[in-house]
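> Pasting a structure below so you can have a look.
The values are calculated or read from the model by the stated rules, or taken from the named source; none is laboratory data. In this text the structure is predicted, and so the values were computed from the model without any measurement. A quick note on method: Cβ atoms are made from the backbone with ideal geometry, for glycine too, and the neighbour counts reach across all protein chains shown. Note: areas computed on protein heavy atoms with side chains; ligands, DNA, RNA excluded. Shrake-Rupley method; radii C 1.70, N 1.55, O 1.52, S 1.80 Å.
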Amino acid sequence: MNLTLHVWRQKGPQAKGKLETYQAKNVSPDQSFLEMLDEVNDDLIKSGKDPIAFDHDCREGICGMCSQVINGRPHGHEERTTVCQLHMRQFNDGDEIFVEPWRAKAFPIQKDLIVDRSSLDAIMQSGGYTSCHTGGVPDGNTFPIPKPVADYAMDAAECIGCGACIAACPNSSAMLYTSAKVAQLAALPQGKPEARKRVKAMTEALLAEGFGNCTNHYECEAACPKGISVKFIAKLNREYLKSMMPSSLGE
Amino acid sequence: MILDGKAPTGPIETSWDRHRFDMKLVNPANKRKYKILVVGTGLAGGAAAASLGELGYNVEAFCYQDSPRRAHSIAAQGGINAAKNYPSDGDSVYRLFYDTVKGGDFRAREADVWRLAQVSNNIIDQCVAQGVPFARDYAGYLDNRSFGGAQVSRTFYARGQTGQQLLLGAYSALSRQIKNKTVKMFARREMLDLVVVDGVAKGIACRNLITGEIESYWGDAVILATGGFVNVFYLSTNAMGCSATAIWRASKKGAYMANPCYTQIHPTCIPQHGDKQSKLTLMSESLRNDGRVWVPKKAEDCDKHPNDIPAEDRDYYLERKYPSFGNLAPRDIASRAAKEQCDDGRGVGDTKRGVYLDFKTSIERVGQPMIAQRYGNLFEMYEKITDENGYERPMRIYPAPHYSMGGLWVDYHCMSNIPGLFVLGEANFSVHGANRLGASALMQGLADGYFVIPYTIAQYMASVKPGEITDEHPEFKKSVEDVKGEINKLLSIKGKKTVGELHRELGSVMWEDVGMARSEASLKHALQRIPEIREEFWKNVNVTGESGELNQQLENAWRLADFLEFAEIMTTDALHREESCGGHFRTEHQTDDGEAMRDDENFCYVGAWEFKGAGVKPELHKEPLKFENVKLAVRSYK
Ligand SMILES: Cc1cc2nc3c(=O)[nH]c(=O)nc-3n(C[C@H](O)[C@H](O)[C@H](O)COP(=O)(O)OP(=O)(O)OC[C@H]3O[C@@H](n4cnc5c(N)ncnc54)[C@H](O)[C@@H]3O)c2cc1C
Ligand code: FES
């Protein structure tokens, strides 16, 4: 099939960007979207032009590196799919496709489709962990964890940290991303001792990094390639309220 | 030269404990004065950086992705081994040790493997404490599955995303140290040189991948944990950015490359579908717990719909050839068996390079929902890529390059022959011998990072004066200039071929000639082709853009330039090793029924190569291997 692409090109963080039009010819339906872009890039290189810069690494939907807004939707229209796992059989001959970077205040563009997502790391650094030391921890079976609880924690932990939820949110809120970690750790016995501190620290970090507030649009869940549920946002809110109440120790 | 692995002697059961007691310590107040560079923050490097930072050392850590959470450890699906023996099915530290030595076809250092098996249990505890949501049974206890090469269930898992969860655990520990300012993280940096001063590792030069600036960093020790090199085959299960660059550049500065010919071809990957493909996708080995591997008995059935081929016309060749391990035969054996069936004209799919992995029997036994619960995400991934439903029709799989057992040579302390240079995880050669068993790489990465390097590095640190050499030293400036020179050279060629085209050419030579089956003729052919492609690269590659900017073509170009040198040493190693062992199969050395034939008399050693210049024959150093606990024996899975 043949396609027309309109791709966001921007030399650097300060440069002005614009959409450029390219033709993708003889695209095979078995190719992934990124493999299609590889070919467009090969053509650009051959004609002495600068190829399109885009983030990618694992190409199997797990590293969270790939990040493109395709026809207005982060990772494209196929549900629960990253760009690298989006296959060209999802498109039709003659389609026009718009390809843009994540757009959010907390994600400055570095080049073309590549953005700076270090703000996501900063949220984790504010408290997305248990403060256990290396060594000196109890046997893994010391605290039985009921299967439903382990499954709930795993559902939350599946987040790949790509940032699609933020790119999809009208407020550029990082609530889904943050809540997934808060919920995972709050559900587990190992995460409980620091739950109060964690939820406060992480929500503060989220605002400090320039992400917006959550006003319940739920675009995040629809865009999430791993289908992380907005129920974790409700859990974060509950955890936050709990942390505001005086504890039994009277803190 | 004969290399000394410096492994402790005496009873193996107490070797690590005794050795730990014998090693020097650095007192807490002094640790602060030392700086350690950790290149690579996957499982091995992330765990090391976090643990060393927590101990009080000043750590600077580097990775090429935009965040440590994206290292390729993230892609590991199946699980991680430990000798917990929770199911009481006969496992023990000794058995894990035994299985790993045997699985590696007797080409690993016993003491290192023992230590790995011993600390395996600590890893599970550590990860649980971090909040890793391992699978649990209904009583709330940790659940296990089986992996190839083992007759016990010792593999811990988190759905089909075990590597992701373990890496996020290490990343969380690392994040905590970054917050505490014991670790400084430098993401989007690629190490392009090792700085060696008077024979001792003292720093690195990197390119800042965003600005293009060449930077140098000093440290009292340098740790490389930069992952595997099987992208030398072009198509592999590795991420696009995985490369030999860090270890190869260290090798050019004098570090020995050990057993580079030991590469693992994983039996269960989605077959290649055309020439535009950029990578191959693994289907976790855990699928072989419930999937049965077969091909049609008759070549003329290969184009039929698999569900129309009756049971009596199917050849469940793994069950037939290896009755006691069946579908869970180790990887090297399962891969070769698949290749044999396809070479015999009984492969399936468009390209006829494929075999079936069939879940019908298991679905009948436990029901589709149970299978979906175990492997749902893998079935989904399979369908996205192939447009076929694995529940309704057997999956098609084929072997693909996956893991590098070989890597930089290290002694028992994980230190290379260059003092001050340590190597962890997939980047070193250590514990897997000539074949790695499933679920053992995650174990090794975390063992090295959490439980080995924090002890062994102290022994070295106690012998150096902190901050004696910093980036004021002229070697740092020289290193930066050298890297700049090479980058300018790459950018000035402006030839006609893209980096991708040349990488494909190299990959096809490596796959055909240095892949699953190697012969003297094929290896010699590769040794002729590799320098030709290298020469063409330096004359005719087209790298667009400039040096002072984000330039992904340039990144791909230097990675390929390194592969083009590394490939030669890998092939040289394969040619010199006149035996078959594990993943290294020389067609000249096989039994009548096609099994690998080792030559313990002549090749029971680690082959460590010293770089002598591109295109110049490297020099071989040997570390003899002794087997005092597991008796050298023909490795049989029948
Ligand atoms: C698809 C797949 C599935 C797997 N499944 C399993 C499994 O189920 N069980 C199992 O035990 N093993 C599995 N493995 C193997 C295992 O995942 C890896 O061997 C292991 O995770 C490697 O960890 P590492 O820390 O050594 O390297 P990696 O995780 O690859 O990390 C390498 C790090 O080095 C950095 N780096 C590399 N080069 C440079 C450079 N030049 N400069 C700066 N930084 C650099 C990278 O940025 C990264 O941070 C699997 C592997 C693959 C590919
Ligand atoms: S490239 Fe890793 S998730 Fe897409």
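> Going by the structure shown, is A:S47 of a type in the set (G, A, S), away from ligand 1 (no atom under 16 Å from the Cβ) and either in contact with a Lys or Arg (Cβ under 7 Å, 6 or more places away or on another chain) or open to solvent by 60 Å² or more (accessible area, probe 1.4 Å) (or both)?
yes
> Further, regarding this structure: Hey, B:M415 hits all of (1) of a type outside the set (F, W, Y); (2) open to solvent by less than 20 Å² (accessible area, probe 1.4 Å); (3) within 26 Å of the chain's Cα centre (by Cα) but one; which does it fall short on?
All conditions are met except number (2).
> Then there's this: In this structure, is B:Q126 at the interface with chain A (Cβ under 8 Å from one of its Cβ atoms), modelled with pLDDT under 95 and either touching a strand residue (DSSP E or B) at 6+ places or on another chain (Cβ under 6 Å) or crowded, with 24+ Cβ neighbours inside 10 Å (or both)?
No, not satisfied.
> Looking only at segment A:101-118, decide whether some residue is facing another protein chain (nearest Cβ under 8 Å), among the acidic types (D, E) and open to solvent by less than 10 Å² (accessible area, probe 1.4 Å).
Checked against the condition, which is being facing another protein chain (nearest Cβ under 8 Å), among the acidic types (D, E) and open to solvent by less than 10 Å² (accessible area, probe 1.4 Å), segment A:101-118 yields no hits at all.
> Looking at this structure, is B:R504 outside any loop (DSSP other than H, G, I, E, B), in contact (Cβ under 8 Å) with a residue 40 or more places away in the chain and open to solvent by 50 Å² or more (accessible area, probe 1.4 Å)?
Yes.
> Which of the residues belonging to segment A:80-101 are more than 16 Å from ligand 1 (Cβ to nearest atom) and under 14 Å from the mean Cα position of the chain (by Cα)?
Once the filter is applied, which keeps residues that are more than 16 Å from ligand 1 (Cβ to nearest atom) and under 14 Å from the mean Cα position of the chain (by Cα), segment A:80-101 yields A:R80, A:T81, A:V83, A:P101.
> A:S131 fails exactly one of the following numbered conditions: (1) facing chain B (nearest Cβ under 7 Å); (2) without any contact (Cβ under 8 Å) to a residue 40 or more places away in the chain. What is the number of that condition?
Looking at each condition in turn, A:S131 falls short on (2).
> Output the qualifying pairs, or none if there are none: Cβ atoms under 6 angstrom, residues six or more apart or on different chains, first residue in segment B:153-168 and more than 10 Å from every other protein chain (Cβ to nearest Cβ), second residue near ligand 1 (Cβ under 10 Å from one of its atoms) and part of a loop (DSSP other than H, G, I, E, B).
So the pair list comes out as B:T155/B:G79; B:T155/B:F147; B:T155/B:A439; B:Y157/B:G79; B:T162/B:A76; B:T162/B:G79.
Conditions tested, residue by residue: (1) within 16 Å of ligand 1 (Cβ to nearest atom); (2) more than 20 Å from the chain's Cα centre (by Cα); (3) within 30 Å of B:T211 (Cβ to Cβ).
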position	(1), (2), (3)
B:D17	no, yes, no
B:K33	no, yes, no
B:F62	yes, no, yes
B:A75	yes, no, yes
B:G79	yes, no, no
B:D91	no, yes, no
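> Sticking with this structure for a sec: Would you mind finding the one in B:S284, B:S236, B:S278 that is modelled with pLDDT under 95, within 14 Å of chain A (Cβ to nearest Cβ), open to solvent by less than 10 Å² (accessible area, probe 1.4 Å) and within 16 Å of ligand 2 (Cβ to nearest atom)?
B:S278 is the lone residue from the list that is modelled with pLDDT under 95, within 14 Å of chain A (Cβ to nearest Cβ), open to solvent by less than 10 Å² (accessible area, probe 1.4 Å) and within 16 Å of ligand 2 (Cβ to nearest atom).
> Does at least one position in segment A:58-69 carry a residue that is open to solvent by less than 10 Å² (accessible area, probe 1.4 Å) and farther than 22 Å from B:H72 by Cβ?
So far as segment A:58-69 goes, no, none of its residues is open to solvent by less than 10 Å² (accessible area, probe 1.4 Å) and farther than 22 Å from B:H72 by Cβ.
> Residue pairs, Cβ under 6 Å, 6 or more apart or interchain, first in segment B:582-609 and more than 18 Å from B:E623 (Cα to Cα), second open to solvent by 50 Å² or more (accessible area, probe 1.4 Å) and part of a strand (DSSP E or B). List them.
B:M597/B:Q590
> For the condition part of a loop (DSSP other than H, G, I, E, B) and away from ligand 1 (no atom under 16 Å from the Cβ), what is the one hit in A:S119, A:S131?
Going through A:S119, A:S131 in turn, the sole match is A:S131.
> Have a look at A:P246, A:P189, A:P225 and point out the one that is open to solvent by less than 20 Å² (accessible area, probe 1.4 Å) and not in a helix (DSSP H, G or I).
Matching residue, one of A:P246, A:P189, A:P225: A:P225.
> Given the structure, is A:A205 modelled with pLDDT of 95 or more and within 14 Å of chain B (Cβ to nearest Cβ)?
yes
> While we're here: Looking at the structure I just gave you, is B:C261 open to solvent by less than 10 Å² (accessible area, probe 1.4 Å) and either under 21 Å from B:A526 (Cα atoms) or touching a Cys at 6+ places or on another chain (Cβ under 9 Å) (or both)?
Yes; evaluated as a whole, the condition is true for this residue.
> Hey, among the residues in segment B:446-460 that are small (G, A, S) and within 19 Å of the chain's Cα centre (by Cα), which one's nearest to the other protein chains (Cβ to nearest Cβ)?
The extreme case among them is B:G449.
> Would you mind finding the one in B:Q126, B:Q177, B:Q164 that is within 18 Å of the chain's Cα centre (by Cα), of a type outside the set (V, I, T), in a helix (DSSP H, G or I) and under 26 Å from A:K192 (Cβ atoms)?
It is B:Q164.
> Can you tell me which condition A:C162 does not meet? The list is (1) touching a residue at least 60 places away in the same chain (Cβ under 8 Å); (2) touching a helix residue (DSSP H, G or I) at 6+ places or on another chain (Cβ under 7 Å), and all the others hold.
(2)
> Scan segment A:139-178 residue by residue and report those that are closer than 26 Å to B:A76 by Cβ and away from every other protein chain (no Cβ under 14 Å).
A:A164, A:C165, A:L176
> Kindly list the number of the only condition in (1) more than 7 Å from every other protein chain (Cβ to nearest Cβ); (2) within 20 Å of B:G163 (Cβ to Cβ); (3) over 23 Å from the mean Cα position of the chain (by Cα) that fails for A:K192.
A:K192 satisfies all of (1) more than 7 Å from every other protein chain (Cβ to nearest Cβ); (2) within 20 Å of B:G163 (Cβ to Cβ); (3) over 23 Å from the mean Cα position of the chain (by Cα) except (2).
> Out of curiosity, is B:G445 out of contact with any Lys or Arg (no Cβ under 8 Å at 6 or more places or on another chain), assigned to a loop (DSSP other than H, G, I, E, B) and either without any contact (Cβ under 8 Å) to a residue 40 or more places away in the chain or within 12 Å of ligand 1 (Cβ to nearest atom) (or both)?
For B:G445, the condition - out of contact with any Lys or Arg (no Cβ under 8 Å at 6 or more places or on another chain), assigned to a loop (DSSP other than H, G, I, E, B) and either without any contact (Cβ under 8 Å) to a residue 40 or more places away in the chain or within 12 Å of ligand 1 (Cβ to nearest atom) (or both) - is not met.
> Among B:Y98, B:Y138, which is the only one that is over 23 Å from A:A122 (Cα atoms), of a type in the set (F, W, Y) and free of Cβ contacts under 8 Å to residues at least 40 places away in the same chain?
None of the other options fit; the residue is B:Y138.
> Hey, could you check segment B:287-300 for residues that are open to solvent by 10 Å² or more (accessible area, probe 1.4 Å) and touching an Asp or Glu at 6+ places or on another chain (Cβ under 7 Å) and say which is nearest to ligand 1 (Cβ to nearest atom)?
Only one residue fits best here, namely B:R292.
> Let me ask another. Determine if segment B:524-542 includes at least one residue that is open to solvent by 30 Å² or more (accessible area, probe 1.4 Å) and either on the phi > 0 side of the Ramachandran plot or among the β-branched types (V, I, T) (or both).
no
> Which ranges mark the helices (runs of 4 or more DSSP H) fully within segment B:1-74 that have 1 or more residues being open to solvent by less than 10 Å² (accessible area, probe 1.4 Å)?
Those helices (runs of 4 or more DSSP H) span B:15-22, B:43-55.
> Continuing with the same structure: Being free of Cβ contacts under 8 Å to residues at least 40 places away in the same chain, within 32 Å of the chain's Cα centre (by Cα) and crowded, with 19+ Cβ neighbours inside 10 Å narrows it down to one of B:L318, B:L328, so name that one.
The match here is B:L318.
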